[in-house]
Every structure is written in C-alpha cells, then in structure tokens.
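Engineer: There's a structure below that I have some questions on.
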Amino acid sequence: MDSPNTSWTIVMFPKIQIDTAIAYFLLHQFGESKFPGIEQAKLEFWMELPADKTVEQLEQEGYILIDLGNSKFDHHRLGPENTKYSTTSMVAKYLEIEDRPDLQKLLEFARRDDLEGKGTISNDAIDRAFGLSGLLTNLNKAITENPNKILNIILPLLTGHLIEENKRFELLPREYQELRAQG
C-alpha cells in the first residue's frame, strides 16, 4: 500500500491529454491494491501545486498527482531526452501491470501520443480529425470549464477497448483451451 490513507484525491492538469486520461483510467481499474479505496477517489484539477506544500507532503495527505510537480507519476521529471516513459507507463509499472498483454496498445498509444505527438498516425486529415487525439483536442477547446466532463466522455471508450483486448488475450484463449481439453 502506498500510504495508510484511504481517502484519495487524484489531481490532474485541467487540459485532459491521452496520457493523463489513460493513467487515470489505470489507477481506477487496477489501483486498489496500492491505493485502497481508489475507486471512490475525489478528482481535482490544478494548474500548479500549492506553493506551501511539497510533493511528498501532498502524497502523505492522500493526493495522487498525475503528470504534475515532478511527482512519482510525472514523466517530465525524467528530462527532455525521455522518449520511453509516459505518465501512463509510470502508473502501469507502479501498479505492476505493465506486462499485461491487454494493456499494451493503451500503453503504447499514451507513449506515442504524449512523447512523439503521434496519437493517430495517418496523413489523412479526416483520420486525424476523428482519431481520439484529435477529438480530445477539440473537447479541450470546446469544454474549457469542465475537464471532468471531458474525462467522463473518454473513460467509456477506454473501458470498451480494455474489454475487447481482455477478450482477445485472456478470455478467448482460456475458452479455447477449455474446449480443446473437452475434446
């Protein structure tokens, strides 16, 4: 367990990004063992950390900082030469889920989008406009006063993806093995 605190507050920058949305999603889906009660965590959006608090103090108080303040889940602390680790990959590693086959596309999408600026790799303007990265950019421009609303639009899409990937990598292979064992 990360801290004896069971009342968590997740804090993100108000402009929702693919990387931060997926990191938040992973914390909610898989964070219970490290952060008991995480599913009921409050969500706040900050432009910057309070001047009178350190990252360590905030974490002791139950704040989970996503991509902020050089915290444990802020890939910016790795420096400008970092091309490998996104905030999402830092969360996945911390939660010990980084090797799950059903998460690999999400992890790579977050890395590629955030570190390379290539969320949707296509030269087609329509593909780029209607890819998740393009749509998220538009949502951030259109819904400036309510980042939680944006997150609530994105999370079901991530859930749908995970369900299908889980079927592909866990449920169907297990069913195949069971059927094969039965002849």
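Engineer: Which of the residues spanning the stretch 108-118 are assigned to a helix (DSSP H, G or I) and surrounded by 12 or more Cβ atoms within 10 Å (Cβ to Cβ)? Walk me through it before giving the result.
Structural biologist: Going residue by residue through the stretch 108-118, those that are assigned to a helix (DSSP H, G or I) are 108-116.
Across the stretch 108-118, the qualifying residues are Glu108, Phe109, Ala110, Arg111, Arg112, Asp113, Asp114, Leu115.
Engineer: Return only the number of the condition from (1) out of contact with any helix residue (DSSP H, G or I) (no Cβ under 7 Å at 6 or more places or on another chain); (2) under 18 Å from Ile16 (Cα atoms); (3) open to solvent by 30 Å² or more (accessible area, probe 1.4 Å) that Leu179 does not satisfy.
Structural biologist: Evaluating Leu179 over (1) out of contact with any helix residue (DSSP H, G or I) (no Cβ under 7 Å at 6 or more places or on another chain); (2) under 18 Å from Ile16 (Cα atoms); (3) open to solvent by 30 Å² or more (accessible area, probe 1.4 Å) leaves (2) as the failure.
Engineer: Taking Thr88 as the residue in question, decide whether it is β-branched (Val, Ile, Thr) and more than 26 Å from Asn138 (Cβ to Cβ). Before you say what the answer is, go through the steps one by one.
Structural biologist: Numbers: β-branched (Val, Ile, Thr): yes; more than 26 Å from Asn138 (Cβ to Cβ): no.
No; evaluated as a whole, the condition is false for this residue.
Engineer: Applying the selection to the stretch 124-145, what residues are surrounded by 13 or more Cβ atoms within 10 Å (Cβ to Cβ) and outside any helix (DSSP H, G or I)?
Structural biologist: Across the stretch 124-145, the qualifying residues are Gly131, Ile143.
Engineer: Is at least one residue of the stretch 85-98 at pLDDT below 95, of a type in the set (Asp, Glu) and within 18 Å of the chain's Cα centre (by Cα)?
Structural biologist: Within the stretch 85-98, not a single residue is at pLDDT below 95, of a type in the set (Asp, Glu) and within 18 Å of the chain's Cα centre (by Cα).
Engineer: Exactly one of (1) outside any helix (DSSP H, G or I); (2) surrounded by 18 or more Cβ atoms within 10 Å (Cβ to Cβ) is unmet by Ile121. Its number?
Structural biologist: (2)
Engineer: Separate question: Give me the residue from the stretch 116-135 that is of a type in the set (S, T, N, Q) and under 18 Å from Lys105 (Cβ atoms) and, out of that set, modelled with the lowest pLDDT.
Structural biologist: Per the stated criteria, the residue is Thr120.
The values are calculated or read from the model by the stated rules, or taken from the named source; none is laboratory data. From a predicted model like this one, the values you see are computed outputs, not experimental measurements. With ideal geometry, Cβ positions are generated from the backbone for all residues, glycine too; neighbour counts draw on all protein chains shown. The accessibility values were calculated without ligands, DNA or RNA, using every heavy atom of the protein model including side chains. Shrake-Rupley method; radii C 1.70, N 1.55, O 1.52, S 1.80 Å.
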